Each structure stands twice: as structure tokens, then as C-alpha cells.
Amino acid sequence: MSQRTLLVTGGAGFIGSNFIHYWLNNYPEDKIINLDALTYAGNLSSLADIESNPNYVFVEGNITDRELVNKIMDDIDVVVHFAAETHVDRSILNPDVFLQTNVMGTQVLLDSALKNNIKHFHHISTDEVFGSLELGSSKKFDENTPYDPRSPYSAAKAGSDHLVRAYGETYGLPFTMTNCSNNYGGYHHPEKLFPLAITNLMDGLKVPVYGDGLNVRDWLYVQDHCSAIDRVLTDGKKGETYLVGGLTEDISNLDVVKLILNLMGKSEDMIEYVTDRKGHDRRYAVDWSRLNKELGWEPSVVLEEGLEKTIEWYKDNQDWWRPLKEESKDFFEQNYKK
Ligand code: NAD
Ligand code: DAU
């Protein structure tokens with residue numbers, strides 16, 4: 001296969017850095033340009049091991065910077081667009097930057113992709129755009145579920161999804177899209193539930209659980225997300241969306257936290273109930289059968305196995321997460337109320 005050049009946006013973040021590692025391992029002949037603004041969520045130490053790879057280039061910059069984006073897009077075959085503000089709790093405290101990056105930044109990339117005749121624009125989105133399912137129901141999100149975003153984060157992601165489809169319909173942009181459920185694994189910022197729980201417990205601190213703890217998420221090991229994106233980039237049909245989800249049957253936050261406590265040998269006294277998230281979506285569940293039937297993808301890591309690997313990763317990589325936790329102290333103080 002001839003060399004392809006991929007523009008990965010947000011490659012210094014959680015999924016983006018996992019994806020860059022995945023891609024260079026599986027397609028070492030391809031070239032990757034990583035455009036990342038290095039916000040609080042971007043971390044170059046996640047990519048330190050590939051810094052000197054001749055097929056990897058890092059560009060520090062913002063996706064809202066039209067001139068820079070146009071300059072970079074010149075030689076690109078495929079865009080894989082991860083860059084976004086991603087934490088729901090931060091979107092509740094300060095929605096502005098979510099609109100700037102997730103909506104306006106995506107529009108800049110779309111304009112530039114058209115201008116430069118990009119062959120394939122892949123947009124990474126989330127299951128949160130579909131809103132909230134009822135607790136106890138067996139319903140799942142699928143490709144036909146209407147959009148019903150309920151947080152500033154998910155509304156901004158929904159806006160970006162609509163723009164991508166609009167550019168496909170109106171201007172013929174060759175795009176694909178994936179809407180994925182909750183990822184977990186290494187390089188995950190310790191503001192999110194799993195890494196927060198693991199790192200707190202390592203330091204003898206309690207795990208904050210919002211509200212009654214009965215909210216349900218659909219958990220997917222990040223490597224399985226990377227293989228799903230690979231399937232779509234390789235064989236996905238242009239103009240189509242594929243949902244990506246994990247192997248979990250409904251499991252509440254409380255039960256997931258108890259599983260983490262158990263795997264780390266800690267008692268349930270380490271749970272601390274705190275004030276609920278505003279507008280907290282109750283339940284997510286994803287039907288990924290289309291991606292399975294049409295492109296042969298399925299997740300491979302069950303929750304307990306993925307959690308064991310993740311706990312080991314945080315034990316082995318304290319130099320990676322300790323500074324991030326320190327930097328986020330103000331946010332933690334603002335966010336958590338008893
Ligand atoms: P993250 O917060 O860990 O990383 C985001 C990255 O984007 C960071 O490196 C940050 O520096 C960069 N970035 C932010 N604003 C930017 C800007 N204006 N210009 C350039 N770079 C910018 O995010 P993540 O969890 O890796 O999520 C990646 C993508 O996947 C997002 O689009 C998110 O909506 C989507 N997604 C995430 C999950 C999940 O569980 N984490 C699930 C489904 C979909
Ligand atoms: O569903 C996909 C989404 O998953 C992505 O689009 C988002 O970018 C990503 O951040 C994630 O969103 P969530 O809000 O679901 O993830 P978070 O880890 O923040 O929270 C998971 C659940 O745990 C949620 O129900 C809120 C709860 N929670 C979270 C934190 C941080 C707690 O109970 N306590 C906490 O301290």
C-alpha cells in the first residue's frame with residue numbers, strides 16, 4: 001500500500017494518543033500529522049515514545065486557526081478529527097470554549113477539507129448526542145435514534161455532527177462518522193470517572209459518586225475504539241455513520257466503582273456520595289450491530305479485563321497523571337459539592 005498522510009486533530013488527548021500509537025503500530029508506512037492545541041487535556045508525554053519517529057509530526061495549534069489549518073491540510077489524504085472539549089462537568093461550568101472548539105473548530109476543518117479536496121474526513125463523535133435512555137428499559141441508541149443532546153458538551157458535539165453531514169449533503173464532502181460510548185484505558189485524564197477513582201484510591205482518597213450512583217454508561221476499552229475507527233477508515237461507506245459500543249450489559253456507576261474497589265482490594269467505605277451533576281443523563285446503551293454486520297467489527301476486551309489493565313497502567317505511570325491532577329485542583333474544588 002502506498003503511504004497515506006493522516007491529519008489527526010487532538011492527538012495529544014486520551015483517544016487521539018491511543019489512536020496514533022495504534023495506527024503507527026499497524027500501518028508503520030503511513031505518516032501522521034498531529035494538530036493539537038495542548039489545552040489542559042493535551043499531553044505530549046503521551047506520545048514521548050514516538051517523538052523521533054520520522055513518520056510522526058507534531059504541530060501545536062488550534063483547529064479554529066484557519067490559516068494554520070489551511071497550511072497543514074495541503075498534503076493530507078485523510079483527516080481523523082478527535083479535537084474537542086470533552087468533559088461534561090467543565091461544559092456545565094464554562095460552555096463557551098465548547099462551542100468555539102467543537103462547533104467553530106469543526107467548521108474550519110470542514111472548509112479546509114473541501115478547499116483541499118480531502119479524500120476522506122472522519123469525524124469522531126459521541127453517544128451523548130442521543131440524550132438519555134430510561135433506567136431499566138432495554139432500549140439502545142442506534143444509527144436512527146434522533147438527536148437529543150442535554151448538556152452544553154453534547155449540544156456542541158451534536159452541532160459538529162450536523163455540520164459534518166451538512167457539508168456532505170451540500171458540498172459533497174466525503175465523510176464518515178462514528179458515535180462512540182464511554183472509553184477507558186491508559187492516557188485518560190484523571191478528571192474522568194475511572195482514572196479519578198483509580199488514582200484517588202492509590203492515594204487513599206475516596207471516590208466521589210454523583211447522586212444515587214445508579215446512572216448507567218456503556219464502557220468500551222480504548223483499543224477497541226481504535227480498531228473500530230480503523231474498520232471505518234478502511235471500509236466505511238462515505239456519508240455514513242456507525243455507532244461504536246462495548247460489551248457491558250447495563251452496569252451502574254456504583255457497581256463499576258465497586259468493581260474497581262474490589263480489583264484494588266479496597267473497602268466500600270471509600271465511596272463518597274456527592275451532589276449530582278446538573279442534567280445528569282441517566283442511561284446510555286449502544287447497539288453496535290451495524291458496524292458488526294457491515295464491517296465485521298466487534299469489541300474484544302471485557303470490562304473486568306480492561307479495568308485490570310487500566311489499573312496496572314495507572315500504577316505504572318504515576319509520572320504521567322500526578323502533574324495533571326495537581327493542575328486540575330481548582331476545577332476539582334469548583335466541581336465537587338457534598
Ligand atoms: P480529550 O479531552 O482527552 O482530548 C482532547 C484533545 O483535543 C486534547 O489533546 C486537546 O489539547 C485537544 N484540543 C482541544 N481543543 C482543541 C483545539 N481548539 N484545537 C486543537 N486541539 C484541541 O478527549 P478524548 O476523550 O480523547 O476525546 C476525543 C474525541 O472523542 C472527542 O471528539 C470526544 O468528543 C470523542 N469521544 C470521546 C469519548 C470518551 O469516552 N472519551 C467517547 C466518545 C467520543
Ligand atoms: O458517552 C461518551 C462520553 O463519555 C464522551 O463523549 C465524553 O467526552 C466523556 O467524557 C464521557 O462522558 P461521561 O460524562 O459519561 O464520563 P465521566 O467519566 O465524566 O462520567 C462517567 C459517569 O460517572 C457519569 O454518569 C458521571 C459519573 N461520575 C463522574 C465523575 C467524574 C461520578 O459519579 N463521579 C465523578 O467524579
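The values are calculated or read from the model by the stated rules, or taken from the named source; none is laboratory data. Everything numeric in this text was worked out from a predicted model, so none of it was measured. Note: ideal-geometry Cβ built from the backbone for every residue, glycine included; neighbour counts use all protein chains shown. Calculation scope for accessible area: heavy atoms of the full protein, side chains included, ligands and nucleic acids excluded. Shrake-Rupley method; radii C 1.70, N 1.55, O 1.52, S 1.80 Å.
Numbers for the structure displayed
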item: Tally of residues being in contact with an Asp or Glu (Cβ under 6 Å, 6 or more places away or on another chain) and farther than 20 Å from residue 23 by Cβ across the range 39-80; result: 0
item: Candidates 261, 196 - the one that is at pLDDT 95 or above, more than 11 Å from ligand 2 (Cβ to nearest atom) and surrounded by fewer than 22 Cβ atoms within 10 Å (Cβ to Cβ); result: 261
item: Matching option when the condition is buried (at least 18 other Cβ atoms within 10 Å of the Cβ) and under 19 Å from residue 132 (Cβ atoms), among 256, 232, 222; result: 256
item: Filter result for residue 171 (open to solvent by 20 Å² or more (accessible area, probe 1.4 Å), closer than 30 Å to residue 7 by Cα, within 15 Å of ligand 2 (Cβ to nearest atom) and not assigned by TED's automatic domain parsing to the domain that holds residue 330); result: no
item: Test: residue 10 is out of contact with any helix residue (DSSP H, G or I) (no Cβ under 8 Å at 6 or more places or on another chain), in the same structural domain as residue 119 (by TED's automatic domain parsing) and under 20 Å from residue 100 (Cβ atoms); result: no
item: Condition met for residue 227 (among the hydroxyl-bearing types (Ser, Thr, Tyr), under 27 Å from residue 43 (Cβ atoms) and in a helix (DSSP H, G or I)); result: yes
item: Residues of the range 175-218 satisfying the condition of being of a type in the set (Gly, Ala, Ser) and out of contact with any Asp or Glu (no Cβ under 6 Å at 6 or more places or on another chain); result: 185, 186, 197, 204, 213
item: The range 174-193, residues that are among the hydrophobic types (A, V, I, L, M, F, W, C) and either more than 26 Å from residue 328 (Cβ to Cβ) or buried (at least 23 other Cβ atoms within 10 Å of the Cβ) (or both); result: 175, 177, 180
item: Breaking point among (1) at pLDDT 95 or above; (2) open to solvent by 30 Å² or more (accessible area, probe 1.4 Å); (3) farther than 26 Å from residue 17 by Cβ, for residue 249; result: (1)
item: Tally, over the range 56-94, of residues that are farther than 19 Å from residue 46 by Cβ, loosely packed, with under 15 Cβ neighbours inside 10 Å, of a type outside the set (A, V, I, L, M, F, W, C) and out of contact with any Ser or Thr (no Cβ under 8 Å at 6 or more places or on another chain); result: 4
item: Members of the range 35-48 found to be at negative phi, open to solvent by 20 Å² or more (accessible area, probe 1.4 Å) and touching a residue at least 12 places away in the same chain (Cβ under 8 Å), listed by number; result: 37, 39, 40, 41, 43, 44, 45
item: Residue check, residue 277 out of contact with any Cys (no Cβ under 8 Å at 6 or more places or on another chain), outside the structural domain of residue 152 (by TED's automatic domain parsing) and touching a residue at least 24 places away in the same chain (Cβ under 8 Å); result: yes
item: Residue count, the range 95-118 (criterion: within 18 Å of residue 165 (Cβ to Cβ) and either more than 13 Å from ligand 1 (Cβ to nearest atom) or crowded, with 18+ Cβ neighbours inside 10 Å (or both)); result: 13
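Residues checked against (1) out of contact with any Ser or Thr (no Cβ under 9 Å at 6 or more places or on another chain); (2) more than 21 Å from residue 326 (Cα to Cα); (3) in a strand (DSSP E or B):
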residue	(1), (2), (3)
2	yes, yes, no
7	yes, yes, yes
11	no, yes, no
20	no, yes, no
24	yes, yes, no
34	no, yes, yes
41	no, no, no
46	no, no, no
